[in-house]
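Visitor: Got a structure for you, written out below as structure tokens; questions coming shortly.
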Amino acid sequence: MVIHGKGPAVGGQGNVISNNTDLTSSNIVIKNNNINNIKGWTNEIPAVVDGGSVLNDARGAVFQFVNSIDSTPIAINRDGTYKGNVVADLQIMVAKAIQDKVLVDKPEAQIGVNTINSEIIAWAESGSNVYEPSYRCNGDSMHHVSKGMIVIRVEDTLGFQIQGNTIDGVINLSPSPFQNCASYHGGASLENEAEQQAGNVRGISVAAVRGYADSPQPSRIKQNSVLNVASENANVIIGIDVQGDSKDVDIAGNTVNLDTDIGQVSGDQYVALRVRENVDGDGKDAINIGNSNDFQQEAVILNRRNLRSDVKKIPDHPDVVGLEWELGGCPFGRAQGQARK
């Protein structure tokens, strides 16, 4: 379940909520749902960066050089020469037609997102030239930000109730992450930089949220259960995650037991509740964690006052659509004048 501000939700988790309420969600209720026996996975696609741009074709698909699981060559031989396959050959052919102006961009064509450049075309055509790719990680086949599995995700929202939901039996089957990373997706939130998130699991995730705009009531994460969550390749497995510049949320009466064989072991990947560094930890708008929660794994609270001086300043928030397209979005944003990173 995804509740999000205006624009696609393909970037990282929210950093800062917009001051423009036309761009945010509000008054959200997610209540009394049973979500059971969910399995999913993410196939990370290492994207090649050339000339400062991720290489993608005219429809936004990454020009894939290798298999992310075992680095098996797909479009490049081990000696650095072009290998090719039916998909890569077609991507090169279309890029060549664009280069030679056989194909001309116009609204109905939508080919302006192509970044397969003349150097890559010449390399593929030669059959003998050697190319050394530089890989950017934590993206999918269209270079959207990988975030792992999130069962209930609420971001860029003023006022919500997540109450009485049961999440039980979630398994992330994502393979181990690609190893040869020169950089990481620039669209990930500041709290998740330089991390390959495909194997992560979050039961309930909120980011860049507030209490209700039309009343003094806080938002609530209340009386939910998150049980039996697994992933072999996770950095973190989290019951409830609070991220970004979030304020005025009550967390009470929740039960989290991610694995009945795992207790409160400090430093492992199992976290019942995590409150990230940029969440408001002081004053009347602070996140309020009630003592009625039943957490069988540890709670990691990173926003205590003594840590906040070390936290990066979150940059001023562009409008939500701009943020998503520029930093994390589908490459069609590039055709709208946005920079693709």
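Visitor: Express the accessible area of segment 187-303 per residue in Å², computed with a 1.4 Å probe while the remaining protein chains stay in the model.
Guide: Using a 1.4 Å probe on heavy atoms only, each residue of segment 187-303 averages 37 Å².
Visitor: OK, next. Would you work out the charge dipole size for segment 140-206 about its Cα centre, treating the Cβ of every Lys and Arg as +1 and the Cβ of every Asp and Glu as -1, and quote it to the nearest 20 debye?
Guide: Here the size comes out at about 120 debye.
Visitor: Give me the number: length gained by fully extending residue 33 to residue 69, i.e. 0.36 nm times residue separation minus the C-alpha to C-alpha distance, one decimal in nm.
Guide: 9.5 nm
Visitor: Additional query: What residues of segment 160-181 lie in the reach of a label at residue 268, counting those whose backbone N is under 20 Å from a point 7 Å from the Cα along Cα→Cβ?
Guide: Counting backbone N atoms under 20 Å from the label point, the list is 168-174.
Visitor: Here is a follow-up. Taking Cα pairs under 8 Å and at least six residues apart, what relative contact order does the chain come out at, in percent?
Guide: 22
Visitor: Multiplying the sequence separation of residue 193 and residue 235 by 0.36 nm and subtracting their Cα-Cα distance, what value in nm do you get?
Guide: Stretched fully, the residue 193-residue 235 segment lengthens by 13.8 nm.
Visitor: Roughly to the nearest percent, how much of the accessible area of the chain is carbon and sulfur, given a 1.4 Å probe?
Guide: Using a 1.4 Å probe with all protein chains present, the chain comes out at 47 percent carbon and sulfur.
Visitor: Another one. What does the helix-only formula give at 222 nm for the chain: each DSSP H stretch with n ≥ 4 adding -39500 (n - 2.57), the total divided by the residues, and the result rounded to the nearest 500 deg cm²/dmol?
Guide: Calculated from helices alone, the mean residue ellipticity at 222 nm is -2500 deg cm²/dmol.
Visitor: Within 15 Å, Cβ to Cβ, of residue 222, how many net charges do the neighbouring residues add up to if Lys/Arg are +1 and Asp/Glu are -1?
Guide: It works out to a net charge of -1.
Visitor: Which FRET efficiency value, to the nearest 0.05, do you get for residue 22 and residue 108 by plugging their Cβ-Cβ distance into 1/(1 + (r/R0)^6) with R0 = 30 Å?
Guide: Result of the calculation: an efficiency of 0.50.
Visitor: Count the net charge of all other residues whose Cβ sits under 14 Å from the Cβ of residue 124, scoring Lys and Arg as +1 and Asp and Glu as -1.
Guide: Within the 14 Å Cβ shell, the charges total -3.
Visitor: Just add up the charged neighbours of residue 163: K/R +1, D/E -1, any other residue whose Cβ is under 14 Å from the Cβ of residue 163.
Guide: Taking every Cβ under 14 Å from that of residue 163, the sum is +2.
Visitor: Okay, next question. Full-extension gain between residue 259 and residue 173, please, as 0.36 nm times their residue separation minus the C-alpha to C-alpha distance.
Guide: Gain on extension, residue 259 to residue 173, equals 29.3 nm.
Visitor: Which entries of 6/31; 101/147; 6/147; 106/147 have Cα-Cα distances beyond 30 Å here?
Guide: Correct reply: 101/147; 106/147.
Visitor: State the volume of the convex hull built on the alpha-carbon positions of the chain, expressed per residue in Å³ and rounded to an integer.
Guide: Once divided by residue count, the hull of the chain is 146 Å³.
Visitor: Same structure again: State to the nearest 20 debye the size of the charge dipole of segment 229-292 about its Cα centre, where the only charges are +1 on K and R beta carbons and -1 on D and E beta carbons.
Guide: For segment 229-292, the charge dipole is close to 80 debye.
Visitor: Between residue 212 and residue 100, what FRET efficiency follows from the Cβ-Cβ distance if R0 is 56 Å, with the result rounded to 0.05?
Guide: Working from the Cβ atoms, E equals 0.45.
Visitor: Which distance in Å, rounded to a whole number, links the C-alpha centroids of segment 157-197 and segment 4-29?
Guide: After rounding, the separation between the Cα centres reads 17 Å.
Visitor: Let me ask you something else. Taking only the alpha-carbon atoms of segment 65-166, what semi-axes of the equivalent ellipsoid follow from 5 times the gyration tensor eigenvalues under a square root, in whole Å, largest first?
Guide: 37, 21, 10
The values are calculated or read from the model by the stated rules, or taken from the named source; none is laboratory data. This one's a predicted model, so the numbers in the text were calculated from it and none came from an experiment. We place every Cβ from the backbone using ideal geometry, glycine too, and count neighbours over all the protein chains shown. Heavy atoms of the whole protein, side chains included, go into the accessibility calculation; ligands, DNA and RNA do not. Shrake-Rupley method; radii C 1.70, N 1.55, O 1.52, S 1.80 Å.
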